[in-house]
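Readers should treat all values here as calculations from the given coordinates under stated rules, not as data from a laboratory. Given the structure is predicted, the values throughout are model-derived calculations rather than measurements. Glycine also receives a Cβ, built like all others from the backbone with ideal geometry; neighbour counts cover every protein chain displayed.
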Amino acid sequence: MNNYYVYVYLDPTKPGIYNYGNVGFPWEPFYVGKGKDSRLYDHLTELNLVSNSHKNNRIKSIFKENKKPVILRILTELTENQALKLESEFIEVIGRRITNTGPLTNIRKGGEDSSLSGKFHSLELREKWKKERSGSGNTMYGKKHSDETKKKISNSLKGRSRSKEQIEKQRLKVKGRILSEETKSKISEKRKLNWKNLEYRNNIINSLTGHKHSCETKEKIRKTAIGRRVSSKTKKKMSQTHKRRYKNKSERNKTGNSVSKTYIVVHPSGKEEKVIGLVDFCRTNNLVTSSVYEAISKNRIHKGFKIRKI
């Protein structure tokens with residue numbers, strides 16, 4: 001049936017003369033699509049505007065100017081195949097942002113069936129898109145976000161909460177995924193580099209200070225850990241890391257003081273001392289650490305030492 005059409009979205013905040021072959025527009029085009037019935041208005045619904053895409057951001061920016069996108073049907077009374085072909089031709093003539101050939105925010109080149117429910121992209125098609133969007137084909141290639149843009153992105157993400165359905169969907173997506181050794185190495189190097197940054201390290205520590213897991217979370221952690229076996233290779237890595245980190249007192253203090261508790265200790269002689277962490281203090285003064293903690297909890301003197309946490 002000839003009930004399909006090809007439509008275009010125009011940006012009323014950008015007036016001008018925009019000619020593309022035999023077609024011209026009084027405002028800048030930013031999206032071309034094909035459909036039938038009320039398909040051309042679907043992009044304006046609140047549900048569709050949730051995702052963070054170039055097209056959606058453009059529509060939202062137009063709304064902020066108290067305007068609406070101008071929607072035109074370029075061609076009507078088409079079969080689906082005709083609409084797909086013409087959609088592809090218009091996209092190619094006008095050009096896409098993702099390929100640096102024009103203003104359109106279309107991700108795909110068009111001409112493909114957009115009703116993908118229950119379908120999967122072929123490996124060939126995914127590889128093709130990957131090549132198109134990598135390197136110079138990426139709209140951010142060679143560019144960096146300004147501090148102002150970074151702040152805007154940060155503010156837009158603050159307070160955003162994900163539904164249980166979204167969380168479960170993302171969990172299932174990564175479940176069972178095996179990372180390559182190269183990817184693991186990159187993640188490891190990135191984390192090591194971040195941890196050397198004192199400000200980053202303090203932010204992580206401060207975010208955990210005073211934080212307590214709920215009983216539900218504790219139970220989840222417990223169940224996850226049951227039956228978990230650490231390979232001999234992982235054990236060796238953990239051992240080497242601990243030995244390197246605590247091979248001398250100065251390094252222990254460097255990593256441990258930021259998370260250790262502070263105490264005021266009154267010696268049997270009456271001398272008062274401020275101590276960060278009790279392990280080294282107990283070792284130096286021949287005290288049993290567990291007994292000292294018990295004495296602190298019961299507000300008692302242990303072997304002449306009176307210790308209180310501050």
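Odds and ends about this structure:
- Label zone at residue 2 (point 7 Å along Cα-to-Cβ), backbone N below 19 Å, the range 36-54: 36-37
- Fewest-first ranking of 63, 90, 281, using other Cβ atoms within 10 Å as the exposure measure: 63, 281, 90
- Where labels lie 7 Å past Cα in the beta-carbon direction, separation of residue 37 and residue 130 in nm: 3.6
- Per-residue Cβ neighbour rank within 10 angstrom, fewest leading, 99, 209, 76: 209, 76, 99
- Nearest-0.05 FRET efficiency for residue 45 and residue 285, computed from C-beta distance (R0 51 Å): 0.15
- Lysines with Cα under 19 Å of residue 68, excluding same-chain neighbours fewer than 8 positions away: 14, 55, 60
- Each peptide among 33-45, 180-192 gets the average number of other Cβ atoms lying within 10 Å of its residues, and from highest to lowest they stand as 33-45, 180-192.
- Taken over the range 126-192, the percentage of Cα pairs per 5 Å bin, counting from 0 up to the bin with the maximum distance, is 3, 12, 7, 10, 22, 29, 16, 1.
- Taking the inverse of the mean 1/r over every pair of distinct Cα atoms in the range 1-112 gives a Kirkwood hydrodynamic radius of 14.2 Å.
- Helical contribution to [θ] at 222 nm, DSSP H n ≥ 4, -39,500 (n - 2.57), averaged over the chain, rounded to 500: -13000 deg cm²/dmol
- Reported label for calculated P(r) over Cα pairs in 10 Å bins from 0, in percent given [x] 4, 14, 22, 17, 14, 11, 9, 6, 3, 0; [y] 5, 21, 27, 20, 12, 7, 4, 2, 0, 0; [z] 6, 25, 32, 24, 11, 2, 0: [x]
- Using a Förster distance of 35 Å, the FRET efficiency for residue 145-residue 173 (Cβ separation, nearest 0.05): 0.85
- Furthest towards positive pole of dipole, 16, 209, 284, structure part the chain, Cβ charges: 284
- Cα-based shape type of the range 260-305, given that a ≥ b ≥ c are square roots of the gyration tensor eigenvalues and the cut on a/c is 1.5: rounded
- Charging the Cβ of each Asp and Glu at -1 and of each Lys and Arg at +1, and nothing else, the dipole of the chain about its Cα centre rounds to 2780 debye.
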